[in-house]
Amino acid sequence: MADPMKIRATASGDVCEIKVLMSHPMETGQRKESDGKIVPAHFIQTFTIAVNGKTVIDAGTGTSVSRNPVFGFKVKGPKAGDKVTVSWVDNLGDKRTDEATVA
Amino acid sequence: MDATRRTLLRGMGSTGLLAAAIAAGVLKPTRVFAAEYNKVAFEAKDLAGGLKGIGAASPAESKDIVLSAPEIAENGAVVSVTVASKIPGTSALAVFVEKNPMPLSAHFQFLNGALPEARLNVKMSQTSLIKAVALANGKAYMAQKEVKVTMGGCGG
């Protein structure tokens, strides 16, 4: 199981900034170990961000997203105290969901 | 029959079996996960294939897409990219790294008040154009910027 995500959601005025750091190796399947063996692909394929249960971001990611991906988004509407939920699924079927509260 | 399949899928969710089943084409992942993985677009080996995969076969150049990325990236493993669209009705944005083995890096759909703007880090195998594509009202728009890479981020 992957490590927890770091989620920061800050509302300023009308707009809420959501930053997410996911802990994931994001292996491309093209990298070789020193012994010449290919490291199998292992990367996040989809993730969603929801505010109070309503999806705001629906994303797909390929192997060229950096290791331990960081994403930043802006959403109109959320207020302090609203709940932000982020879920991802990777190509091996592993998944993780974490929550944070809008500050 | 469908119910059985669902139970089966849930049961396999935490193991690699599910991925294997999807890869074999036996099961479609759409029913299990909220977001469907656009395999065709993400595994396309060239830009044209990737664009076609997201329904943006021939995007028009637009100055209303703001794409910011460094001129020179010392480390191709982490290149910070920000895209924002000022085109009214933008529903999705995609980021491509033209010369990567698989150019499509990420695809975002904006729903329920999300502004058409995203920041992410991408890997770059070599100096390449980064292309940001916006989808708005069934049309595709594009902006691009070259990033020079002094050390690749996809090799060993």
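The values are calculated or read from the model by the stated rules, or taken from the named source; none is laboratory data. Only a predicted model underlies this, so the values are computations on that prediction, with no experimental measurement involved. Neighbour counts are summed over all protein chains in view; Cβ atoms, including those assigned to glycine, are modelled from backbone coordinates with ideal geometry. Surface accessibility is based on the protein's heavy atoms, side chains included, excluding ligands, DNA and RNA. Shrake-Rupley method; radii C 1.70, N 1.55, O 1.52, S 1.80 Å.
Return the tail of the calculated pair distribution for segment A:29-103, meaning the percent of Cα-Cα pairs more than 16 Å apart. For segment A:29-103, the fraction of Cα-Cα distances above 16 Å is 57 percent.
Within segment B:44-149, antiparallel bridges make up roughly 90 percent of the DSSP beta bridges whose residues both belong there. Pairs of lysine residues in segment A:6-101 that meet both criteria, 8 or more places apart or on different chains and Cα atoms under 20 Å apart, total 19.
With a cut-off of 9 Å between beta carbons, the residues surrounding B:Gly53 carry a summed charge of +1, where Lys and Arg count +1 and Asp and Glu -1. Computed over neighbours whose Cβ is under 14 Å from that of A:Phe43, the net charge equals +2, Lys and Arg +1, Asp and Glu -1. Going from the chain on its own to the full set of protein chains, segment B:100-130 has these residues losing 40 Å² or more of accessible surface (heavy atoms, 1.4 Å probe, no ligands, DNA or RNA): B:Met102, B:Ser105, B:Phe108, B:Gln109, B:Leu111, B:Asn112, B:Leu115, B:Glu117, B:Arg119, B:Asn121, B:Lys123.
Averaged over peptide A:51-57, the number of partner chain Cβ atoms lying within 10 Å of each residue's Cβ comes to 4.
Computed over protein heavy atoms with a 1.4 Å probe, the carbon and sulfur contribution to the accessible area of segment B:44-149 reaches 51%.
The loop-placed GluC sites (Glu not before Pro) in segment A:8-38, going by DSSP, that have at most 11 neighbouring Cβ atoms within 10 Å of their Cβ come out as A:Glu33.
Between A and B, roughly 3000 Å² of accessible area is buried in total, ligands, DNA and RNA not counted and the probe set to 1.4 Å. In loop segments of segment A:1-58 as defined by DSSP, the trypsin sites (Lys or Arg not before Pro) with at most 10 further C-beta atoms inside 10 Å of their C-beta are A:Lys37.
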